[in-house]
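Just so it is clear, none of the values below were taken in a lab; they were calculated from the coordinates. Just so we're clear, the structure is a prediction, and the values are computed from it rather than from any experiment. We place every Cβ from the backbone using ideal geometry, glycine too, and count neighbours over all the protein chains shown.
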Amino acid sequence: MDVNPAMTTGDESPQCQFCALEYRPKGWHSESSGTAPVILLALRDEAGHVRVVVHPLLTSLVRKEDLVYLQSLLQDFLTRAEFDPGGLFNQLSSLGVGPLVTQAVGEDLRDYPTLQELASEFEPL
């Protein structure tokens with residue numbers, strides 16, 4: 001389900017706020033250093049619509065014991081993106097516990113070429 005199919009992530013994309021979340025399995029002891037994989041991006045356009053895209057290899061990157069939990073979260077994110085996009089984006093922008101942790105938040109994804117490239121490869125929920 002694509003909450004806002006008109007929003008793109010390529011070079012022609014309009015400015016959008018973003019939040020990148022990385023996967024940290026239980027027992028992860030390092031601070032965010034770019035070594036944990038970014039598996040989810042929340043993109044908020046100027047109208048406030050939130051689009052959630054995920055790594056195409058999500059099921060390979062996430063430990064089996066975390067996968068059911070993450071899939072449940074993703075379903076919740078879809079619902080909240082439709083009914084409370086601002087609240088969802090704000091929450092995702094400050095996650096610090098559990099297997100999904102905020103890695104970066106920014107005003108314009110175009111200013112973060114690595115994340116913009118990831119976004120172009122990610123798939124909508």
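Could you sort 67-73, 77-83 so that the peptide with the highest average Cβ count within 10 Å comes first and the rest follow in order?
Result, highest mean first: 77-83, 67-73.
Measuring nothing but how far apart in sequence close Cα pairs (under 8 Å, 6+ apart) lie, relative to its length, region 17-124 scores a relative contact order of 41 percent.
Neighbour counting of Cβ atoms within 10 Å sorts the residues L100, L95, fewest neighbours leading, into L95, L100. If the chain linking V97 and R63 were pulled fully straight, counting 0.36 nm for each residue of separation and taking away their Cα-Cα distance, it would gain 10.6 nm. Once the chain from S72 to L125 is taken as fully extended at 0.36 nm per residue, the excess over their C-alpha distance is 17.9 nm.
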